[in-house]
Amino acid sequence: MLALSVTMPGLVLAACGSTFPGNTLAEQVSGWAKTTGFSAQVSTVQGDLRRIAVAGQSPGSVRTVCDVLETDVLAANQNLPTPDHALTTFLSDAYSAAGTAGRDCFSSAGGSTRLTAAALAQRTTARRDLIKALARYDSLTVGLADGSP
């Protein structure tokens, strides 16, 4: 009897549809983007990625820039999942690569060329996956009057 009482609420919730407001996937994704500050977060992460592993910086400056990237990625990741599985996957992959880039970058501040190279490779991966996420977002919301995040 206990199993029935535990599974019934789950069945009732599943029958209600998405947990995101909106009648269509486009409306749900657009609403999610506005609620989470998606545009600002992606812009922040993109800016952080541009600043990591810049030659000529002091080790302390490198660590600060890389730590900021990790912090911003963790904040952006807290807004997942999105209403769309593919968008969630692209963002999750991008944030994972960006987080790895930040960790490698932080560790490379001591002069490790291997970790610097790894950070730059992960930065490239993160940028690519963010572009995929933005393209997916655009494809989902193109028909809305206000499709911008």
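Of all residues in region 99-112, those that are at pLDDT below 95 have Cβ atoms under 7 Å from Cβ atoms of residues that are hydroxyl-bearing (Ser, Thr, Tyr), 6 or more apart or on another chain, in SER108/THR116. The set of residues in region 106-142 being surrounded by 20 or more Cβ atoms within 10 Å (Cβ to Cβ) and more than 20 Å from the chain's Cα centre (by Cα) consists of SER108, ALA109.
Look at VAL65 and say whether it is of a type in the set (A, V, I, L, M, F, W, C), at pLDDT below 95, farther than 30 Å from THR19 by Cβ and in a helix (DSSP H, G or I). The answer is yes for VAL65. Being under 20 Å from GLY47 (Cβ atoms), in a helix (DSSP H, G or I) and at pLDDT below 95 is a description that applies to THR116.
Taking the numbered list (1) of a type in the set (S, T, N, Q); (2) closer than 17 Å to ILE131 by Cβ; (3) part of a helix (DSSP H, G or I) in turn, THR82 passes all entries but (3). Inclusion of VAL73 among residues that are touching a helix residue (DSSP H, G or I) at 6+ places or on another chain (Cβ under 9 Å), of a type outside the set (S, T, N, Q), over 19 Å from ALA133 (Cα atoms) and at pLDDT 95 or above is not warranted. For region 113-149, filtering for residues that are in contact (Cβ under 8 Å) with a residue 60 or more places away in the chain and acidic (Asp, Glu) leaves 1. On inspection, GLY102 qualifies as in a helix (DSSP H, G or I) and more than 13 Å from the chain's Cα centre (by Cα).
One residue stands out among those in region 78-98 that are without any contact (Cβ under 8 Å) to a residue 24 or more places away in the chain and within 15 Å of ALA33 (Cβ to Cβ): the one that is surrounded by the fewest Cβ atoms within 10 Å (Cβ to Cβ), which is GLN78.
The values are calculated or read from the model by the stated rules, or taken from the named source; none is laboratory data. Fair warning: this is a prediction, and the values are worked out from it, not measured in the lab. A quick note on method: Cβ atoms are made from the backbone with ideal geometry, for glycine too, and the neighbour counts reach across all protein chains shown.
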